[in-house]
Each structure stands twice: as C-alpha cells, then as structure tokens.
Amino acid sequence: MPFELKVQRPTELRCTNCGRLIREGAIVVKTCCVNKPWVFCSRECYKQFVAKWTRNQDAGAGGRLRKAAL
C-alpha cells in the first residue's frame, strides 16, 4: 500500500496523474514497487492513482479468490 511522505523542499513539481504544475500543497507518496516518489496535486488525483494501483496489484492473483473445486 502506498504511504505518504513529508516534502521538505518547496519546489515546483508536476502531478504524476494529470500533469498539472504544483507550487505548494503537494501530496507525495512512495510505493513498495517504485523507487521514485509519486507527486499529486489533489486528493482526487491521489484517489484515482490508488484505485488504478490497487487494481494492478490484484491482477497478479489471476482474478481468483479461491481455488476451484474439482
């Protein structure tokens, strides 16, 4: 699950989801599988990212929650 980081430096960043420039109030998160932090302009962009990220993480299970009874 992604976790939120504290941003120490106030620089201009670009939103990972929509590409908008962010001057202040950026949401920065780090996931377990990407070594680079992701930056978001709003909670809405962050929620969209989490939905896609979770869906991709669940895709590895093959869509099955239990083994089929034979």
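Sort out which residues of the stretch 14-50 are among the hydrophobic types (A, V, I, L, M, F, W, C) and open to solvent by 50 Å² or more (accessible area, probe 1.4 Å), and write them in order of number.
Cys18, Leu21, Cys32, Cys33, Trp38, listed by residue number.
Filtering the stretch 18-70 down to residues that are assigned to a strand (DSSP E or B) and more than 16 Å from the chain's Cα centre (by Cα), which residue is modelled with the lowest pLDDT?
Residue satisfying both the conditions and the ranking: Ile22.
The values are calculated or read from the model by the stated rules, or taken from the named source; none is laboratory data. This one's a predicted model, so the numbers in the text were calculated from it and none came from an experiment. Side chains are part of the model used for accessible areas, which takes the heavy atoms of the whole protein and leaves out ligands, DNA and RNA. Shrake-Rupley method; radii C 1.70, N 1.55, O 1.52, S 1.80 Å.
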